[in-house]
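Accompanying notes for the structure given below.
The values are calculated or read from the model by the stated rules, or taken from the named source; none is laboratory data. The structure presented is a predicted model; accordingly, all values stated were derived computationally and were not measured. Cβ placement follows ideal geometry from the backbone for every residue including glycine, while neighbour counts extend to all protein chains displayed.
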């Protein structure tokens, strides 16, 4: 096994271990981080005229956001869950348009919205009781 393959395997095992040990709160943080990372990567690919990588990264970000949407609990979350659902849908629309139009400003808008959601999520005390 060469050094690159070994590093990749270590990273996959480390990521898998991090997910297995994570709390539900931490998992959402990881998903938000992952979506933001993919958007930044898509932006870099766009600047390099790498259409395939841009599309792949945007598609991956959309998949992550779909996962976030699927994790919403409308019973417990009420209006907040409904608003997040609509916001995630809007972000996915922006990402699709960014991919079609190769528009960096749309990637920036999607990233800004996700960053705001992440800041709000990060400010939640994961140990607080839910009434």
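Every listed requirement among (1) in a helix (DSSP H, G or I); (2) closer than 29 Å to residue 125 by Cβ is met by residue 46 save one, (2).
Are there any pairs, at least 6 apart or on different chains, whose C-beta atoms fall under 8 Å, with the first in segment 93-117 and without any contact (Cβ under 8 Å) to a residue 60 or more places away in the chain and at positive phi and the second assigned to a helix (DSSP H, G or I) and surrounded by 13 or more Cβ atoms within 10 Å (Cβ to Cβ), and if so, which? Going by the 8 Å Cβ cut-off, the qualifying pairs are 102/46; 102/54. Restricting 72, 106, 96 to those that are over 14 Å from the mean Cα position of the chain (by Cα) and modelled with pLDDT under 95 reduces the list to 72. All conditions in (1) exposed (fewer than 11 other Cβ atoms within 10 Å of the Cβ); (2) more than 14 Å from the chain's Cα centre (by Cα); (3) closer than 18 Å to residue 40 by Cα hold for residue 119, with the sole exception of (2). What do you reckon, is residue 125 within 23 Å of residue 25 (Cβ to Cβ) and part of a loop (DSSP other than H, G, I, E, B)? In short, yes. Selection of segment 44-59 for residues being crowded, with 17+ Cβ neighbours inside 10 Å and either touching a residue at least 24 places away in the same chain (Cβ under 8 Å) or farther than 19 Å from residue 102 by Cβ (or both) yields 46, 54, 58. Return the pairs, sorted by first residue and then second, in which the second residue is buried (at least 18 other Cβ atoms within 10 Å of the Cβ) and assigned to a helix (DSSP H, G or I), the first residue lies in segment 26-43 and is on the phi < 0 side of the Ramachandran plot and without any contact (Cβ under 8 Å) to a residue 24 or more places away in the chain, the beta carbons are less than 6 Å apart, and the residues are 6+ apart or on different chains. Hits for this filter: 41/57.
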